[in-house]
């Protein structure tokens, strides 16, 4: 794999937490394709960048702070397409009626990227949560709307044929 491609892909993946945590959603133009397919689980799915930007702006406005950390980037490059699996830890802080609450989650991003004239962009993202803890009220994006978390394991997604990264990693004859 070309080290320039590897670095560029990791930088795109790592720009996402910076965009979210700084509320700079215009940076999504440098991260996602316009027709992004993005599935965060529990019914939170988006099929275009403009909607993703608007919804993230609304949802994240209520947090006192967030911090998303991506790590363990594994990349499969295939010409002008790439797959990346990275792990994510999310930290969320919100003022509540009875003080300040915190919530944390752990999971992964399973991304497909394409090389565009402007560089690598994520065209497909699946985000899954493995565990969470803390005050669930912190994640109440809209009053009266229940938060529905679905926990998953990477091996379950892989066994069900849902991991695009692991599919890209397998030799063609084993698919």
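Each reported figure results from applying straightforward, stated rules to the coordinates on display, with no laboratory input. Computed from a predicted structure; not experimentally measured. Note that we place each Cβ from the backbone using ideal geometry, even for glycine, and neighbour counts take in every protein chain shown.
What to note about this one:
- Acute angle (nearest 10 degrees) that the helix 49-60 long axis makes with the longest principal axis of the chain, alpha-carbon atoms: 30 degrees
- Between residue 97 and residue 45, the distance separating the two model label sites (each 7 Å from Cα on the Cα→Cβ line) works out to 3.5 nm.
- For the stretch 34-82 and the stretch 1-15, distance of Cα centres in Å: 17 Å
- Sites residue 34 and residue 69 - FRET efficiency at Förster radius 30 Å, r taken between beta-carbons, to 0.05: 0.65
- Set against the 2.2 N^0.38 Å expectation for a compact globular protein, the stretch 18-61 has a Cα radius of gyration ratio of 1.07.
- A simple spin-label model places the labels of residue 11 and residue 56 1.8 nm from each other, with each point 7 Å out along Cα-to-Cβ.
- On the basis of the beta-carbon distance and an R0 of 35 Å, residue 160 and residue 104 show a calculated FRET efficiency of 0.85.
- For the chain, the longest principal axis of the Cα atoms and the long axis of helix 3-22 meet at an angle of about 10 degrees.
- Beta bridges from DSSP with both residues in the stretch 3-170: antiparallel share about 90 percent, rounded to the nearest 5.
- Here the label points at residue 89 and residue 167, each 7 Å from Cα along the C-beta direction, are separated by 3.1 nm in the simple model.
- Overall form of the stretch 64-157 per C-alpha gyration tensor (a/c, 1.5; a/b vs b/c): prolate
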